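Worksheet for the structure shown next.
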Amino acid sequence: MDWKKVSIMTTEEGLEFLCYKLDEIGITQFEMVEDAASTQKILDETAQYWDYVDAESVLAARQPCVRVYLSDNDVGAEQMKKLTAMVDELKSIKDGLDLGSLEIVSENVRDEDWANNWKQFYKPMEIGERLLVIPEWEQAKPTERVKLILNPGLTFGTGSHATTRL
């Protein structure tokens, strides 16, 4: 099944209220995307727990929004109508909470096999002078190297981390 990724642009102040309104119309699964300053604060506070974070890509073009994924079928179309009506109603309210532009940005997202698509990026790796690490689904060319066949994942990782290579 394909999906529609729908983002509703708002402000930091409007994030939770918008989630509440989505819940009211029956859309109960969503993600809040905070602005760059809030995200930077979280990255700073949790830096000791990260091996590596590409902060630049994490922070790129962060505008507060609430994002939902709607099925690309009749049910999703009905949810989109309710969402649009709810946003139009909120746009007419001029007092109180700053909700920002409430612009709706929608894009199609293909349903993919996320559990297996990552495998295409892991190929046999030469480690040192003698070892060849081979993902179990790959075939390696004949070589004099000692072959170590692994199932990269939670147990062994990918083999590319420095601690594994050493």
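Points to keep in mind about this one:
- One residue alone among Val109, Val133, Val146 is within 28 Å of Ile8 (Cβ to Cβ), among the β-branched types (Val, Ile, Thr) and at pLDDT 85 or above, and that residue is Val109.
- Residues being in a loop (DSSP other than H, G, I, E, B), surrounded by 11 or more Cβ atoms within 10 Å (Cβ to Cβ) and out of contact with any strand residue (DSSP E or B) (no Cβ under 8 Å at 6 or more places or on another chain) - total across the range 77-118: 2
- Search result, residues across the range 24-37 that are at pLDDT below 90 and surrounded by fewer than 15 Cβ atoms within 10 Å (Cβ to Cβ): Glu31, Ala37
- Residues that are open to solvent by 50 Å² or more (accessible area, probe 1.4 Å) and in a strand (DSSP E or B) were ranked within the range 1-19; the one that is farthest from Val66 (Cα to Cα) is Trp3.
The values are calculated or read from the model by the stated rules, or taken from the named source; none is laboratory data. The model shown is predicted, which means the values in this text are computed figures rather than measured ones. For neighbour counting, all protein chains shown are included, and Cβ atoms are generated from backbone atoms with ideal geometry for every residue, glycine included. Keep in mind that these areas ignore ligands, DNA and RNA; they rest on the heavy atoms of the full protein, side chains included. Shrake-Rupley method; radii C 1.70, N 1.55, O 1.52, S 1.80 Å.
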